[in-house]
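Notes follow once the structure below has been shown.
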Amino acid sequence: MPQSIPLISQSSNSAAFRGYRRLGSTDLQVSVIGFGASPLGDVFGIANPEEGMRTVHLAIDEGINFFDVSPYYGLTLAEERLGKALEGRRREIVLSTKCGRYGAEEFDFSAQRVRHSIEQSLRRLRTDFIDLFNVHDVEFGNLEQIIGETIPTMRRLQEEGKTRYIGISGYPIGVLMRIAKAVPVDTIMSYCHYNLLVDDIGQALIPFAKARGIGVINASPLHMGMLTEQGAPEWHPAPSQVHYAARQAAEFCKSHGANLSDVALRFCVEYSRVATTLVGMSTTQQLYQNLGTLRGSIEPEILQQVRAILAPVHNTLWPSGSQENYCIDGNSELLQRNSE
Ligand code: NAD
């Protein structure tokens with residue numbers, strides 16, 4: 001079977017970009033592939049800082065304009081590295097960072113910390129404003145505090161010109177929607193809810209966001225590294241049967257001259273109901289491979305086979321956040337079934 005998606009050689013500098021989409025009701029136009037900067041913070045293994053910087057520069061040259069980071073990624077390392085790379089290039093991009101999560105178990109959604117957090121992020125990112133400031137992993141917070149204190153503080157920061165827009169991010173869709181129903185937000189960043197393994201984002205979140213003009217950002221098209229040849233990092237929270245199915249899918253692709261990450265990313269960029277798909281990258285090889293998915297198409301037979309291999313674990317979720325929060329999530333029933 002012919003290779004469906006050609007690899008783009010590293011010497012190619014032709015514009016791979018097919019497009020930009022408006023981010024909800026904002027005036028931001030974001031590239032259909034966004035740059036997830038968590039790998040720059042060594043979240044997926046040790047990254048080479050010079051290579052990471054080169055990757056950021058080439059991504060901008062190639063038309064990627066949406067960059068997402070957080071103080072949590074590498075405990076500020078990703079922000080430091082991205083900030084360094086963005087020197088002289090800041091105005092060419094839409095920059096997103098977060099507040100509220102600062103460690104695996106460290107959260108602070110208070111007004112005071114939000115204010116301190118943005119000042120620290122601005123310093124590390126070497127800029128005087130953020131384009132999109134997000135509450136990071138809302139399901140770990142007290143929702144009343146996020147609704148009544150965190151988000152109103154972020155709106156004040158917006159009025160003060162520290163950020164252009166504000167959003168929320170997290171895993172359980174029901175929790176994200178609960179917050180966005182109670183208090184207006186400009187964007188919702190959802191991860192591992194629209195890709196080859198889990199694709200339930202369209203059931204409730206997309207129609208809800210569309211009705212309210214909220215921009216949706218789809219993060220983790222590779223299911224946090226699982227839908228790749230090298231497989232998931234050790235800390236990945238998915239149940240073992242999901243890891244196993246993804247390995248089988250990767251082997252199938254390899255034996256048919258294709259690459260699972262290409263199939264997975266292409267599947268996501270074709271989904272136009274989200275503004276952008278955020279993929280984590282730290283090497284130029286990954287960047288060019290990912291840009292290549294904008295040019296090719298997936299052999300329908302390959303996609304069909306991959307989906308068949310992954311079907312037994314389709315829409316398998318894991319619990320995330322405090323017990324009280326995932327109990328209110330619309331997916332709690334599904335979660336329960338998956339853990340039985
Ligand atoms: P992802 O699905 O994008 O996978 C990233 C992993 O895949 C990394 O190990 C990366 O090196 C690897 N990779 C990338 N391209 C590859 C290729 N062509 N071939 C092989 N491997 C490749 O997961 P992610 O990084 O978690 O998600 C993307 C971004 O979304 C993050 O960096 C972050 O900015 C954002 N995000 C936000 C939240 C949140 O706010 N709660 C959660 C998850 C992700």
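Of all the residues in segment 190-235, those that are in contact with a Gly (Cβ under 6 Å, 6 or more places away or on another chain) and either closer than 19 Å to Val269 by Cβ or aromatic (Phe, Trp, Tyr) (or both) number 1. For segment 265-308, a residue qualifies if it is among the hydrophobic types (A, V, I, L, M, F, W, C), farther than 28 Å from Thr26 by Cα and within 12 Å of the ligand (Cβ to nearest atom), but none of them does.
Being buried (at least 24 other Cβ atoms within 10 Å of the Cβ) and small (Gly, Ala, Ser) is a property that Gly161 lacks.
For every residue, the table says whether it meets (1) touching a residue at least 60 places away in the same chain (Cβ under 8 Å); (2) under 19 Å from the mean Cα position of the chain (by Cα); (3) over 23 Å from Arg295 (Cβ atoms).
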{"site": "Gly19", "(1), (2), (3)": "no, yes, no"}
{"site": "Met53", "(1), (2), (3)": "no, no, yes"}
{"site": "Tyr73", "(1), (2), (3)": "no, yes, yes"}
{"site": "Thr76", "(1), (2), (3)": "no, yes, yes"}
{"site": "Ser96", "(1), (2), (3)": "yes, yes, yes"}
{"site": "Tyr102", "(1), (2), (3)": "no, yes, yes"}
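Here Asn338 meets each of (1) surrounded by 15 or more Cβ atoms within 10 Å (Cβ to Cβ); (2) within 15 Å of the ligand (Cβ to nearest atom); (3) at pLDDT below 95 with one exception, condition (2).
Restricting attention to segment 213-244, the residues being acidic (Asp, Glu) and at pLDDT 95 or above number 1.
Based on this model, can you work out whether Ile173 counts as at pLDDT 95 or above, surrounded by 21 or more Cβ atoms within 10 Å (Cβ to Cβ) and away from the ligand (no atom under 15 Å from the Cβ)? Against the criterion (at pLDDT 95 or above, surrounded by 21 or more Cβ atoms within 10 Å (Cβ to Cβ) and away from the ligand (no atom under 15 Å from the Cβ)), Ile173 does not qualify.
Any residue that is within 13 Å of the ligand (Cβ to nearest atom), in a helix (DSSP H, G or I) and in contact with a Lys or Arg (Cβ under 8 Å, 6 or more places away or on another chain) - is there at least one of those in segment 187-196? So far as segment 187-196 goes, no, none of its residues is within 13 Å of the ligand (Cβ to nearest atom), in a helix (DSSP H, G or I) and in contact with a Lys or Arg (Cβ under 8 Å, 6 or more places away or on another chain).
Of the residues making up segment 141-171, those that are within 18 Å of the chain's Cα centre (by Cα) and within 26 Å of His223 (Cβ to Cβ) are Gly167, Ile168, Ser169, Gly170, Tyr171. Taken as a whole, the structure leaves Met226 outside the set of residues that are of a type outside the set (Val, Ile, Thr) and more than 12 Å from the ligand (Cβ to nearest atom).
The values are calculated or read from the model by the stated rules, or taken from the named source; none is laboratory data. Everything numeric in this text was worked out from a predicted model, so none of it was measured. Positions of Cβ are generated from backbone atoms using ideal geometry, with glycine treated the same way; all protein chains shown enter the neighbour counts.
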